[in-house]
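Asks: Okay, handing you the structure first.
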Amino acid sequence: MERLIDLIEQLKARCVDNESVIMAEADLSPAEYNGISALEPEEEVCGSTLSRKMNLSPSRASRVIDKLVRNGYFLRECDSEDRRRCTISLAEKGILVKRRIEEIKRECEDRVIQGLSTKERKYFTSSLKKINRIL
């Protein structure tokens, strides 16, 4: 009998294949991909909030953010009176990649749920939410 964790890993592996396509297209590392994924268009956050959303230490997130700013994916706007207070947002280039990420995710999700009934989708979704809470 297959273990649940094995099935989750198989599902994740198929999704990672899709992520790899985007990372190759945009020349992004996994951490940079996660940084872009963590923000919504029009959203502005401080660096510490973004590091939490990326699940990275502040120092590691800072390096990733710096690179995304340098490469035109993020905008950083700092308070003129207090340079420590900066907000991070997606630049136009980042928004385009974010849209591509969302497109690929939708396609992947459509393939996953295509063969499921409405009842099975609801059960599948609630089961995954519960697993996420447990983990």
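Asks: Looking at region 1-28, which of its residues are in contact with a helix residue (DSSP H, G or I) (Cβ under 7 Å, 6 or more places away or on another chain) and without any contact (Cβ under 8 Å) to a residue 60 or more places away in the chain?
Replies: Passing the criteria: only Met23.
Asks: For Ser80, indicate whether it is at pLDDT below 95, outside any helix (DSSP H, G or I) and hydroxyl-bearing (Ser, Thr, Tyr).
Replies: Criteria met by Ser80.
Asks: Continuing with this model, one more query. Among Arg70, Arg111, Arg76, which is the only one that is free of Cβ contacts under 8 Å to residues at least 24 places away in the same chain, surrounded by fewer than 13 Cβ atoms within 10 Å (Cβ to Cβ) and farther than 30 Å from Gln10 by Cα?
Replies: Criteria check complete, one pass: Arg70.
Asks: Now, a different point. Could you check Leu56 against (1) assigned to a loop (DSSP other than H, G, I, E, B); (2) loosely packed, with under 12 Cβ neighbours inside 10 Å and say which number it fails?
Replies: Leu56 satisfies every listed condition except (2).
Asks: Under the condition of being closer than 29 Å to Ser62 by Cα and assigned to a loop (DSSP other than H, G, I, E, B), which residue from region 1-41 is farthest from the chain's Cα centre (by Cα)?
Replies: Among those residues, the one meeting the criterion is Asp27.
The values are calculated or read from the model by the stated rules, or taken from the named source; none is laboratory data. None of the values given here were measured: they were computed from a predicted structure. Quick reminder, even Gly has a Cβ in these numbers, built from the backbone with ideal geometry, and neighbours come from all protein chains shown.
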